[in-house]
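What follows is a structure written as structure tokens; I'll ask about it next.
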Amino acid sequence: MSQGSSDGTLFTRSYTFFLAGRFCAVLASTSQAVVIAWEVYETARQTMSVVEASFVVGMIGLVQFLPLFGLALVAGETADRHDRRVILRLCYLGQLVTSAALAIRSEFSGGLWPIFALAALFGCARAFFQPAASALGPMLVSSHLLPRAIATNSLVAQVANISGPALGGVLCAVSPVLGYVVSVGLYAAAVVCMSLIRANTRPDTQPGRSRAAQIKEGLAYVWGNKLVLGAISLDMFAVLLGGATGLLPVFARDILHVGPEGFGVLRGAPAIGALLTAGVLSIRPIRRHIGLKMFAAVAMFGLMTLAFGYSRSFPLSVACLAVLGAADMVSVFTRQSLVQIVTPDRMRGRVSAVSTLFIGASNELGEFESGVAARFLGPVGAVVFGGAGALAVTGLWVWLFPSLRRADRLVSDPVHQ
């Protein structure tokens, strides 16, 4: 049940601490991702060619995807059974420990395998984080404020997504150890914010039902709601194929020749576009023809991925990534609104887990796909292939999900078509 105040105030004490904790955690993870990718690529290039090192960078995505794939559904059921605030606090603590371990490794060891092992542990924490975070937010606001809360949450995350890569680029240029230590401090702040939330964050549960039955119910709900299924699967395949960000270290170092600082700018460019779009959506949310607009946004995502792959100009590459991020924000906003508005609170963790399995995991798997494609096609060929694939998926989904194509307005109750 929503815990927001009855006077229509969005920024209650609990929701403000929730947003602050999310900001710190996203800032930590995005800045750390830049440091990890750069350190892995620099280390690999000492003994490998550009193509081989690109494949190694892509492996970071795979080792984070595997825990997400294995734990996402269990994590969703956990978020619908236990206190969501406690789950988030434990996730932040787990991420803090991995950041500290990465700092120790960077200071005393130059090998790659510890990074991959710690990235896998980080993926375990992320598997439990996303369902709990998605389900906790709606509990802290009144139901009529939920669309505004979704847009505000997106704004906060995108500010962190912009700041994080730029921060990571600066920090890893000084020292990777410094980058990891800063992430430790940010995760510690997130833990404190979760501890300061004062609200009932334990979901209503149905006693006597097994974990398997709960997971099955969540899967059945997503499968039966074709709007939700179409939206999250479209995003999944677009991100999976259009994972240009996984090869940004290669483009920054060996194609555009802009170094770690330029890498941070490239990494933050999609978030700049997403932030501006989220700001517009928070004032003027999408009200009509949401299905067609989502398809148009994913098509633009594919086109900008293609343009980035062919670009040899740093400003043009930054612009392509910014437009790519703006297009992605439109599809993200539509998907999140559909999933959170139409899903009952008691099932939000499980439905969010399925969405995480589709979308969150596809980010890491998309990086792996880009690394594998780069091994055979080269980094430029891999990005171009991904952009073309995203366009092809958009056309196919227009045919496979006519209910999504015809969707006109966001609805406030479940729609099974």
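The values are calculated or read from the model by the stated rules, or taken from the named source; none is laboratory data. Every value quoted in this text rests on a predicted model; they were computed, and no experiment measured them. Ideal geometry is used to build each Cβ from the backbone, glycine not excepted, and the neighbour counts take in all protein chains shown. Keep in mind that these areas ignore ligands, DNA and RNA; they rest on the heavy atoms of the full protein, side chains included. Shrake-Rupley method; radii C 1.70, N 1.55, O 1.52, S 1.80 Å.
Indicate the gyration tensor shape class of segment 112-230 (rounded, prolate or oblate), computed on the Cα atoms with a ≥ b ≥ c the square roots of the eigenvalues: a/c under 1.5 is rounded; otherwise a/b larger than b/c is prolate and the rest oblate.
Verdict is prolate for segment 112-230.
Using a 1.4 Å probe on the protein chains only, how many percent of the accessible area of the chain belongs to carbon and sulfur?
The C+S portion of the solvent-accessible surface of the chain is 67 percent.
Can you give the charge dipole size of the chain about its Cα centre, rounded to the nearest 20 debye, using +1 on the beta carbon of Lys and Arg and -1 on the beta carbon of Asp and Glu?
The dipole magnitude comes to about 1040 debye.
Considering segment 268-323, what Rg and Dmax in Å follow from its alpha-carbon atoms?
When restricted to the Cα atoms of segment 268-323, Rg and Dmax are 12.8, 38 Å.
Sort 162-168, 386-392 by the packing proxy (mean of other Cβ within 10 Å over each peptide's residues), most packed first.
Per-residue Cβ counts within 10 Å, averaged per peptide and sorted highest first, yield 162-168, 386-392.
Same structure, new question: Springs between alpha-carbon pairs under 10 angstrom, Gaussian network model over the chain: which of V35, V26, V50 fluctuates most?
Among V35, V26, V50, the largest GNM mean-square fluctuation belongs to V50.
Next question. For F69 paired with R284, estimate the spin-label separation in nm (one decimal), with each label point 7 Å from Cα along the Cα-to-Cβ line.
With each label placed 7 Å out from Cα toward Cβ, I get 4.3 nm.
Something else: Calculate for the chain the 222 nm mean residue ellipticity that helices alone would give, adding -39,500 (n - 2.57) per DSSP H run of length 4 or more and normalising by residue count, nearest 500 deg cm²/dmol.
That comes out to -27000 deg cm²/dmol.
Among R346, R81, R406, whose mean-square fluctuation peaks in a Gaussian network model of the chain (Cα, cutoff 10 Å)?
Looking only at R346, R81, R406, the biggest GNM fluctuation is shown by R406.
Translational D (Stokes-Einstein, µm²/s) of the chain at 25 °C and 0.890 mPa s when Rh comes from the Kirkwood sum over C-alpha pairs?
In µm²/s, the coefficient rounds to 115.
Also: Convex hull over the Cα atoms of segment 37-135, averaged projected area in nm²?
Average of the hull's projected areas for segment 37-135 equals 6.5 nm².
Going by alpha carbons, how many degrees (0 to 90, nearest 10) lie between the helix axis of 13-45 and the longest principal axis of the chain?
Roughly 20 degrees between the two axes.
To continue, here is another question. Determine the per residue accessible area of the chain with all protein chains present and a 1.4 angstrom probe, expressed in square angstrom.
For the chain, the solvent-accessible area averages 38 Å² per residue.
Give the residue from S175, V258, A189 lying farthest towards the positive end of the charge dipole for segment 149-265; charges sit on Cβ (+1 for Lys and Arg, -1 for Asp and Glu) and the dipole is referred to the Cα centre.
A189
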